[in-house]
Amino acid sequence: MSEVTMTVNGKPARGTIEGRTLLVEFLRDTLGLTGTHVGCDTSQCGACTVHVDGKAVKSCTMFAAEADGATVDTIEGQAAPDGTLNTIQQAFQDYHGLQCGFCTPGMVMSAAALLKDTPKPTEIEVRRYLQGNICRCTGYHNIVKAILAASGQDVTGIPGEIAAE
């Protein structure tokens, strides 16, 4: 057992962990931050995406000990303290970029990393960046549209989900 200390969503956090404790387990089980989801345990789905020292990582493949001393941001830290959604979260709501919501935290965290590095991405860049995030409900059209809208781009000409006939 060892002690880890990190800053999570701007607040100091610490806990006792086993060497094999994954960051996602530490966030969910020790800190009670259950917005970071566990979908596949193999880093394929992206539902566990968080930011560690400003970089998007899949927390199911990182040991908590590796984040000792780091700054970690989760989905719970994205909204304002009063609960007001950030630009990306609001765009997901406005453009129906979610359905069941399971993938949404990872999608939002991935989108935030993309927009930090590429403030005005193209549709192709968004789609390529999201290749590590699986959504089984939406078909991605509205997710892509929401991310482009969050970047401040005009999305009126971009079709959303294709309606069933």
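Helices (runs of 4 or more DSSP H) fully within segment 87-134 that include at least 2 residues being touching a residue at least 24 places away in the same chain (Cβ under 8 Å): 87-94, 104-117.
Sort out which residues of segment 10-21 are crowded, with 17+ Cβ neighbours inside 10 Å and either at pLDDT below 95 or in contact with a strand residue (DSSP E or B) (Cβ under 6 Å, 6 or more places away or on another chain) (or both), and write them in order of number. Break it down stepwise before answering.
First, pick out the residues of segment 10-21 that are crowded, with 17+ Cβ neighbours inside 10 Å: 13, 17, 21.
Residues satisfying the conditions are 13, 17.
The C-beta contact set for segment 72-84 (first residue free of Cβ contacts under 8 Å to residues at least 60 places away in the same chain, second residue assigned to a loop (DSSP other than H, G, I, E, B) and of a type in the set (Val, Ile, Thr), distance under 8 angstrom, 6+ apart or interchain) comprises 75/36.
For segment 42-74, filtering for residues that are open to solvent by less than 30 Å² (accessible area, probe 1.4 Å), in contact with a Ser or Thr (Cβ under 8 Å, 6 or more places away or on another chain) and assigned to a helix (DSSP H, G or I) leaves 1.
The residues on offer are 134, 124, and the sole one that is among the β-branched types (Val, Ile, Thr), under 13 Å from the mean Cα position of the chain (by Cα) and not assigned by TED's automatic domain parsing to the domain that holds residue 42 is 134.
Of the numbered criteria (1) within 26 Å of residue 43 (Cα to Cα); (2) open to solvent by less than 30 Å² (accessible area, probe 1.4 Å); (3) touching a Leu at 6+ places or on another chain (Cβ under 8 Å), the one residue 125 fails is (2).
Candidates 152, 132: the one that is on the phi > 0 side of the Ramachandran plot and open to solvent by 20 Å² or more (accessible area, probe 1.4 Å) is 152.
Take residue 29 and tell me if it is of a type in the set (D, E, K, R), surrounded by fewer than 21 Cβ atoms within 10 Å (Cβ to Cβ) and within 24 Å of residue 79 (Cβ to Cβ). Talk me through it step by step, then tell me what you get.
Numbers: of a type in the set (D, E, K, R): yes; surrounded by fewer than 21 Cβ atoms within 10 Å (Cβ to Cβ): yes; within 24 Å of residue 79 (Cβ to Cβ): yes.
Spelling it out, residue 29 is indeed of a type in the set (D, E, K, R), surrounded by fewer than 21 Cβ atoms within 10 Å (Cβ to Cβ) and within 24 Å of residue 79 (Cβ to Cβ).
In the set (1) surrounded by fewer than 21 Cβ atoms within 10 Å (Cβ to Cβ); (2) under 20 Å from residue 75 (Cβ atoms), residue 120 fails one condition alone, (2).
Within segment 81-100, the set of residues being of a type in the set (Gly, Ala, Ser) and under 19 Å from residue 32 (Cα atoms) comprises just one member, 83. When you look at residue 121, is it modelled with pLDDT under 95 and not polar (S, T, N, Q), yes or no? Considered against the rule, which asks whether it is modelled with pLDDT under 95 and not polar (S, T, N, Q), residue 121 comes out as no.
Scanning for something within 25 Å of residue 39 (Cβ to Cβ) and under 16 Å from the mean Cα position of the chain (by Cα), does segment 149-160 turn up at least one residue? Checked segment 149-160: at least one residue is within 25 Å of residue 39 (Cβ to Cβ) and under 16 Å from the mean Cα position of the chain (by Cα). Tallying residues that are more than 17 Å from the chain's Cα centre (by Cα), closer than 15 Å to residue 71 by Cβ and either without any contact (Cβ under 8 Å) to a residue 60 or more places away in the chain or assigned by TED's automatic domain parsing to the domain that holds residue 103 (or both) within segment 6-30 yields 4.
The values are calculated or read from the model by the stated rules, or taken from the named source; none is laboratory data. Note that this is a predicted model, so its numbers are computed, not measured. Please note: Cβ atoms are built from the backbone with ideal geometry, for glycine as well, and neighbour counts cover all protein chains shown. Side chains are part of the model used for accessible areas, which takes the heavy atoms of the whole protein and leaves out ligands, DNA and RNA. Shrake-Rupley method; radii C 1.70, N 1.55, O 1.52, S 1.80 Å.
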